Structure formats: structure tokens, C-alpha cells
Amino acid sequence: MMNQQGQGQGQGMQKNTLYVGGLAEEVNESILHAAFIPFGEIKDVKTPLDQATQKHRSFGFVTFLEREDASSAMDNMDGAELYGRVLTVNYALPEKIKGGEQGWAAQPIWADADTWFERQQMEEEMQRLQAEHKASIEAAEELHRKKLADEREGEKEDDPMAKAEAEVLQQNQSS
């Protein structure tokens, strides 16, 4: 068990990248992303396209930020069904991902996949930021309203009539 750390990336396994096989034709990168996001933060999703048909080759790769997440995704999703097809989920082999010169990694279609994914991420990030921004504005407005209410409460205390009444009350109590 001790030497597991040392192996990691060098030993032919990318422990945070999963190979997902058996994808139905309808499954695209965003569906794949949605299917695996419950297990943890995803760094990248790729479904390499067949140059001839421009369709994916019924497999893809999901890269998690954390190895533990990839591991639990593999445990849960291997043999699971997605769009009526049973998935095969394993750790991806680096040569499958990299593909070398002769592999599909060298093909320009990957650049498209990247920009699509980055666009998705940027849109999600924007929506998240807008939501946070909105929440912080609402929180600020709430604070502002409370502050005004407190100031109004405070004004009552400075009201000379109220003070006089309070003094009379105190005198009555002390006599």
C-alpha cells in the first residue's frame, strides 16, 4: 500500500482521467459532463470525433480535479446505464489520451472540443458570478434596510418628548 503514491502518473495510468466506453450516439460532452459531475469537480470532458462521420466513436474521457472523485465515479458509473447503453468506465491509459502523432489527439477537432468546453465553463462561471453578485447586492440592500430601521429606532430615543416622558416615569417610580 505504501508505494502507491510513487506510481501515479508515470505508471501508465492517469488516475484522475476516466475512459468512458459504450456511449450512445446522442451523448455529447455536456451530457457526459452532467452524468459525472455528481462525483466531483470535472476539469475536462472529451468525446473524440470520427473525422469521417463527425460523430464520436462511442467513447469519451472525463478528467476530474481529484483522484478520489475519479475513483468513486468509476466505482459508481462502471456498468451504469446512460441513454439505454451500459457504460464501461476505467482509468484512462495515457497513450489513449495522448494518442501520439498517429492518434486522434493530433487532429484539429480537439481544438473545437476545448473551446466548446471552455465556453461552457465560462458561461457557467459567468452565471455563478452573476448569481453571487446578485446575492451580495441583495445582502447589502438587506443590511442597508436594517441600518435605516435601526436609525429610525435610534431617532425615537433622541426624541425630546420621549425623553421627557421617560424622566417623568422614572420620577413616578422613585417617589
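The values are calculated or read from the model by the stated rules, or taken from the named source; none is laboratory data. Note that this is a predicted model, so its numbers are computed, not measured. Cβ sites come from the backbone with ideal geometry, for glycine too, and all protein chains shown count toward neighbours. Please note that ligands, DNA and RNA were not included when accessible areas were found on the heavy atoms of the full protein model with its side chains. Shrake-Rupley method; radii C 1.70, N 1.55, O 1.52, S 1.80 Å.
Right, E157: more than 28 Å from E25 (Cα to Cα), open to solvent by 70 Å² or more (accessible area, probe 1.4 Å) and at pLDDT 75 or above or not? So E157 fails the test.
Does E95 satisfy being at pLDDT 95 or above and farther than 23 Å from Q120 by Cβ? Taking the combined requirement at face value, the residue does not satisfy it.
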